[in-house]
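Structure first, then comments.
The values are calculated or read from the model by the stated rules, or taken from the named source; none is laboratory data. Quick caveat: nothing in here was measured; it's all calculated off a predicted structure. Cβ placement follows ideal geometry from the backbone for every residue including glycine, while neighbour counts extend to all protein chains displayed.
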Amino acid sequence: MASSRFMPSSNVNEPYLLTPQLAVRVAIIAFLALAVFAVLFLRLWALQVLSGDRYLAQANDNRVRTLRIDAARGAILDRNGDVLVSNVAGTRVELWPADLPKTWPAELRELRALQQVTGVPVRQMLARMKQHGSDPLTPVVVQVGLHQDTIFYLEEHKADFPGVQLAESWLRTYPHQSLAAQVLGYVGEISPQEYKQLQTRGYGATDSIGQAGVESEYDSYLRGVDGSAQLTVDSLGRPKSAAKLEALPKPGDALRLTLDVGLQRAAERALRFGIQTARANGDTHANGGSIVALDPRDGSVLAMASYPTYQPSIFAGRTDPAKLAPLLNETAAERDNHPGLNRAIDVGYPPGSTFKPVTALAAMQEHLLNPYDSIPCTPTFTAYKQVFHNWTPLIDTGMDLQTALAESCDTYFYELGRRFYVLPKYRGHPLQLWARKFGLGESTGIDLSPETKGLIPDPAWRCKTYGGPPCAGYVDRIWKPGYSIQLAIGQGQVLVTPLQMARFYAMIANGGKLVSPHVAEDVELTATSGQPARVLRRFAAQPPATVGVDASALTDVQQGLYEATHASTGTSSGVFGAFPVSIAGKTGSAEKLVRLPGYPNPVNLTQSWWCGYGPYDSPTIVVCALIENGGHGGVAAAPAALKVFEQYFHQTAPITTHASD
Amino acid sequence: MAIEAVDSRRLRGARETDVSGIGLLRRLDWVLMLALGCTVGYGLWAINGITLHDPSGSSLTHQALYAFAGAVVFTIALFIDPDVYRRWKRPIYVGTAGVMLLVLAGGSVSHGSKRWISLPGGFTFQPSEFGKVLFVLVIAGVLADRARGVNDALTPLRAIGYGLVPILLVFVQPDIGTALVYTAALAAVLFVSGVRWAHLGVLAAIAVGGALLVLWLLPASGINVLKPYQAARLTGFTHPSSDPRGATYNLRQSITAVGAGGLRGRGVLGATQTRLNYLPEHATDFAFASLAEERGFFGVSILLLLYLLIVWRALKIVAGARDLYCAVVAGGIAFMFLFQVFVNSAMTMGIAPITGIPLPFVSVGGSSIITNFLALGVLQAIHMRRGGRRR
């Protein structure tokens, strides 16, 4: 055979029969094949039939992007409809983690490019993404309020930025700049903790939310309802269809406040004026304060100023960490003297002599004082081997209540304090009780937060705070006579907020009724073309509650306050005596240990107070002014308060002399 | 022995007369022919749906052209006596290894690996695909030539020695999937040729130990035989959620696609995983998942049953082969086919490592289709030349 040399050697070319060995092995392979197909079918059944719905939902999540259409946030108006906060359109750039490049180097390259365009550090973007954790379908907002040329660049280079999405959004705008900043608050992205709490109330993981002031308090009215649109995208995040509108956004409702822009501005100017006056007078540490103006008839807040302050607009759009630091970071806040703090409600100060009407009213109610009795007003007052000084040593005469209030005689009130101290145990602690009834040391319930309660010290509080063995069972032992005597003139550990004091003076002004202070008047639908504004919900103020003070006692105190501003020896007659509208009010100079930057130990500085109301016959406004470290009340706080009255009554008057305490 | 030798001559005589005639064609396995026809037709229909929305359009025309070329190769293979491969095994072996070296030297790079040789007219050619069948033909020859010494440990070692060269050449391309297919074919060939169980056991132990060494022990001690991404792909299926946007992205998308298909499938338009390209490589490596998404459990079942039919007929052919060489070749081809079907479909469902193995007769790719036709052609050629009695 020609081909024989190619043939294999004969030994393997024997006829082949299916040997039992091969049969077994073929059978094994056949068995293996059946097992393999069984596994494949089982797995296929498990995936497609048993959990098909789950994977179908997953596949749909893959391709459907629900875009948020931001609802315009409601405007905030003053009582006359003047716009305090509204919106401007802005563009939002966001990242969809699911559509970013799938490899880390490519992702980093893209984020770096985005950093160059927007200026937002890559680290911040990554941190944001990490914050939203496992959910790749929640977009991460990189920035709101892009520059026009940034928008153009991103639009043009869309292909280089998979997973980057531009969307229309709204930015808060503040026509009056920093006016009423602490009352208004600001808007920021919801924090993960807030989101966890509010998730069930319709908040999304990247929503904006009011972070302070009325923006936070009335967020549910202001925020509106975001709309949504659905977009089908391919695996590179490229849109494959036009966005399909699912729901139109419903803009938020407008919020009308009780504030008056004119009066608010006057109050803020007055505050700065008061601080300057104090500094000019030698109280060089004067650096902050607050002025509150209330309507004593219903508790509506007409003005609420706090200094130092800030521009809420720094939270809108391209934020600057350096500008935000004083509001978000404790150290920076301390350096700038806490501009975000609403001193009207969130800081307690010793009230000093402005507290004397409390002592007077409580003493009369408890029958410890006849207002027409004469009590000696002397340079010092000695009780229990302790000497208490009057603010002026140049006096030595007997006084009735009116004169004592007018001249702010300390020894008169020391005596009242002593009378409270010597009360038998079964009478309890009526001075503190009355102070609390007047709303001091209690939260006012104003629709702003956070609010501090302040402090009216009593033995139970001392016991709780300082504890110690004598406390258990012998509560009253740790309450020394000096505490009652100091409290009577608003010194010692007593702390009140300017708003609490304003509320108390409103009670004096309106004849004994404690009002509920509030800043929101109503929620309304803003007027659009063809439709007038419509009130949706009015926040009916709690009707003023009667405290139970005798009318005669009140009249005595009212007269005392009138004397204080009009009698020749009144502590603020020099400020208010010549004012065409009759004003009644009380100065206060409260000593407080203040920690000053650069000083190792706290310094004893005088807090300057003035609280009062007008017109005397039918009061329509209460003003309470406080200048931190401002010295005597008549020097800084009283002139500042006058500025507010001037704006309110559209009247001016020269300040004749500076009185004291 | 003598009688058998006479028989052998008689058989050879019969064979020689049949080769010239049409009579040989009558001995075709018509069930296998039907299964092949149905699989090819079904595969073309499936791939048309899978690639319909790709940017480059449907691959149906290309694929049909390849199938036609495959049919031609199949027909030619029918008329080549398997003994010819056995006789020419050395040139085949050297030629295949040479072409693989050529690929490494000057092949075109795609997806980071050198597997293809560019041909004029925009075609590419993947030698390692064709090599699968040639590999079985050569190694089977090496073993069958030493059938008497099969109990000797040297025989399987020699076969393994022959086998390791192409396996390594494919591995360094790098193409781990194809290297695994070669290894599976080598194992099958050793198994069918009758290597002793004890030897097989030792080899299996070495294979398992080697895998552990490469995937676990060496990386743990700082030596990486595989590139980290390769290791991640191989082991990723055991923990698919570990890196949803990285190594296991493909796997998650693939499982999602399969699951979303449900009982009846989402249809071509509704199959968003495929259409919007969430499922990567859906025309090639992940064609199974894409088919599962578009045609559902029913659609995939048809394909799997057709595969099962092919494997069953292939095993019947092993049992009826006229000599040891043919049996070993048929066994190798049958097992290799089974292995490819399993690894490809199982990987898309998350129960096997992810490797770049095409799904027979479905995945887009000329080399793969033509090779599968060649494999079945060789099977048919063996069947046609089976023993005298008709089965």
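Being closer than 24 Å to B:Leu60 by Cβ and more than 8 Å from chain A (Cβ to nearest Cβ), is that true of even one residue in region B:312-329? No, region B:312-329 contains no residue that is closer than 24 Å to B:Leu60 by Cβ and more than 8 Å from chain A (Cβ to nearest Cβ).
For B:Trp45, the criteria (1) within 14 Å of another protein chain (Cβ to nearest Cβ); (2) aromatic (Phe, Trp, Tyr); (3) surrounded by fewer than 21 Cβ atoms within 10 Å (Cβ to Cβ) hold in every case but one, which is (1).
If you check A:Glu415, A:Glu442, A:Glu334 for being in a loop (DSSP other than H, G, I, E, B) and of a type in the set (Asp, Glu), only one passes: A:Glu442.
When you go through (1) under 26 Å from A:Ala23 (Cβ atoms); (2) away from chain A (no Cβ under 14 Å); (3) touching a residue at least 12 places away in the same chain (Cβ under 8 Å) one by one for B:Tyr162, which number turns out not to apply? Of the numbered conditions (1) under 26 Å from A:Ala23 (Cβ atoms); (2) away from chain A (no Cβ under 14 Å); (3) touching a residue at least 12 places away in the same chain (Cβ under 8 Å), the odd one out for B:Tyr162 is (1).
For region A:16-67, a tally of residues being more than 8 Å from chain B (Cβ to nearest Cβ) and in contact with a strand residue (DSSP E or B) (Cβ under 6 Å, 6 or more places away or on another chain) returns 4.
Is there a residue in region A:261-279 that is over 19 Å from the mean Cα position of the chain (by Cα), crowded, with 16+ Cβ neighbours inside 10 Å and not in a helix (DSSP H, G or I)?
Here is the first cut: in region A:261-279, the residues over 19 Å from the mean Cα position of the chain (by Cα) are A:261-263, A:265-267, A:269-279.
Cutting the leftovers down to crowded, with 16+ Cβ neighbours inside 10 Å gives us A:261-263, A:265-267, A:269-275, A:277-279.
Next, from what is left, pick out any that are not in a helix (DSSP H, G or I): none.
No, region A:261-279 contains no residue that is over 19 Å from the mean Cα position of the chain (by Cα), crowded, with 16+ Cβ neighbours inside 10 Å and not in a helix (DSSP H, G or I).
Against the list (1) part of a helix (DSSP H, G or I); (2) in contact (Cβ under 8 Å) with a residue 40 or more places away in the chain, the condition B:Gly194 fails is (1). Scoring B:Arg158 on the criteria (1) farther than 28 Å from B:Gln230 by Cα; (2) of a type outside the set (A, V, I, L, M); (3) not in a helix (DSSP H, G or I) leaves a single failure, condition (3).
Inspect all residues belonging to region B:108-131 and state whether any of them is of a type outside the set (A, V, I, L, M, F, W, C), within 14 Å of another protein chain (Cβ to nearest Cβ) and in a helix (DSSP H, G or I). Working first, answer last.
First pass over region B:108-131, keeping only residues of a type outside the set (A, V, I, L, M, F, W, C): B:108, B:110-115, B:118, B:120-122, B:124, B:126-129, B:131.
Of the ones still in play, those that are also within 14 Å of another protein chain (Cβ to nearest Cβ) are B:111-112.
When the remaining residues are screened for being in a helix (DSSP H, G or I), the result is none.
The answer is no; no qualifying residue exists.
Residues of region B:300-323 that are among the basic types (Lys, Arg) and outside any loop (DSSP other than H, G, I, E, B): B:Arg313, B:Lys316.
Among the residues in region B:139-151, are any in a helix (DSSP H, G or I), at negative phi and of a type in the set (D, E, K, R)? Before you say what the answer is, go through the steps one by one.
Step one: of region B:139-151, the residues in a helix (DSSP H, G or I) are B:139-145, B:147-149.
Next, from what is left, pick out any that are at negative phi: B:139-145, B:147-149.
From the residues that got through so far, the ones that are of a type in the set (D, E, K, R) too are B:145, B:148.
Yes, because at least one residue in region B:139-151 is in a helix (DSSP H, G or I), at negative phi and of a type in the set (D, E, K, R).
Return a yes/no flag: does region B:272-293 have any residue that is more than 23 Å from B:Gly366 (Cα to Cα) and of a type in the set (Asp, Glu). Checked region B:272-293: at least one residue is more than 23 Å from B:Gly366 (Cα to Cα) and of a type in the set (Asp, Glu). So A:Leu271 clears everything in (1) within 16 Å of A:Val644 (Cα to Cα); (2) in contact with a Gly (Cβ under 8 Å, 6 or more places away or on another chain); (3) without any contact (Cβ under 8 Å) to a residue 60 or more places away in the chain except one condition, right? Which one? Among (1) within 16 Å of A:Val644 (Cα to Cα); (2) in contact with a Gly (Cβ under 8 Å, 6 or more places away or on another chain); (3) without any contact (Cβ under 8 Å) to a residue 60 or more places away in the chain, the lone unmet condition for A:Leu271 is (3).
Is one or more of the residues making up region A:409-424 over 16 Å from A:Ala488 (Cα atoms), over 39 Å from the mean Cα position of the chain (by Cα), surrounded by fewer than 21 Cβ atoms within 10 Å (Cβ to Cβ) and among the β-branched types (Val, Ile, Thr)? Outline the logic, then answer.
First, pick out the residues of region A:409-424 that are over 16 Å from A:Ala488 (Cα atoms): A:424.
From the residues that got through so far, the ones that are over 39 Å from the mean Cα position of the chain (by Cα) too are A:424.
From what is left, the residues that are surrounded by fewer than 21 Cβ atoms within 10 Å (Cβ to Cβ) are A:424.
From the residues that got through so far, the ones that are among the β-branched types (Val, Ile, Thr) too are none.
Within region A:409-424, not a single residue is over 16 Å from A:Ala488 (Cα atoms), over 39 Å from the mean Cα position of the chain (by Cα), surrounded by fewer than 21 Cβ atoms within 10 Å (Cβ to Cβ) and among the β-branched types (Val, Ile, Thr).
Looking only at region B:135-150, which residues are out of contact with any Leu (no Cβ under 9 Å at 6 or more places or on another chain) and either closer than 12 Å to B:Val189 by Cβ or more than 11 Å from chain A (Cβ to nearest Cβ) (or both)? Spell out the reasoning first.
Going residue by residue through region B:135-150, those that are out of contact with any Leu (no Cβ under 9 Å at 6 or more places or on another chain) are B:137-138, B:141-142, B:145, B:148-149.
The answer is B:Leu137, B:Val138, B:Gly141, B:Val142.
Contact annotation: residue pairs with Cβ atoms under 8 Å, 6 or more positions apart or on different chains, pairing a residue in region B:314-337 that is of a type in the set (Ser, Thr, Tyr) with a partner that is in a helix (DSSP H, G or I), are B:Tyr325/A:Val12; B:Tyr325/B:Pro82; B:Tyr325/B:Asp83; B:Tyr325/B:Arg86; B:Tyr325/B:Ala140; B:Tyr325/B:Gly141; B:Tyr325/B:Ala144.
Residue count for region A:477-499, restricted to those that are surrounded by 20 or more Cβ atoms within 10 Å (Cβ to Cβ) and either closer than 16 Å to A:Gly585 by Cβ or aliphatic (A, V, I, L, M) (or both): 10.
For region A:382-393, which positions are touching a residue at least 60 places away in the same chain (Cβ under 8 Å) and buried (at least 19 other Cβ atoms within 10 Å of the Cβ)? Step through it out loud before you land on a result.
Filtering region A:382-393 down to residues touching a residue at least 60 places away in the same chain (Cβ under 8 Å) leaves A:383-384, A:386, A:388, A:391-392.
Across region A:382-393, the qualifying residues are A:Phe388, A:Trp391.
The residues of region B:332-353 that are within 9 Å of chain A (Cβ to nearest Cβ), over 18 Å from B:Leu305 (Cβ atoms) and modelled with pLDDT under 95, listed by number, are B:Gly350, B:Ile351.
Counting only residues that are part of a loop (DSSP other than H, G, I, E, B) and more than 14 Å from chain B (Cβ to nearest Cβ), which one in region A:229-248 is farthest from A:Thr103 (Cα to Cα)?
We begin by selecting, within region A:229-248, every residue part of a loop (DSSP other than H, G, I, E, B); these are A:234-238, A:240-243, A:248.
Retained after the next criterion (residues that are more than 14 Å from chain B (Cβ to nearest Cβ)): A:242-243, A:248.
Details: A:Ala242: 28, A:Ala243: 28, A:Leu248: 37 Å.
Per the stated criteria, the residue is A:Leu248.
Exactly one condition in (1) outside any helix (DSSP H, G or I); (2) surrounded by fewer than 24 Cβ atoms within 10 Å (Cβ to Cβ); (3) more than 10 Å from chain A (Cβ to nearest Cβ); (4) not aromatic (Phe, Trp, Tyr) is not met by B:Asn277; state its number. Only one criterion is unmet by B:Asn277, namely (3).
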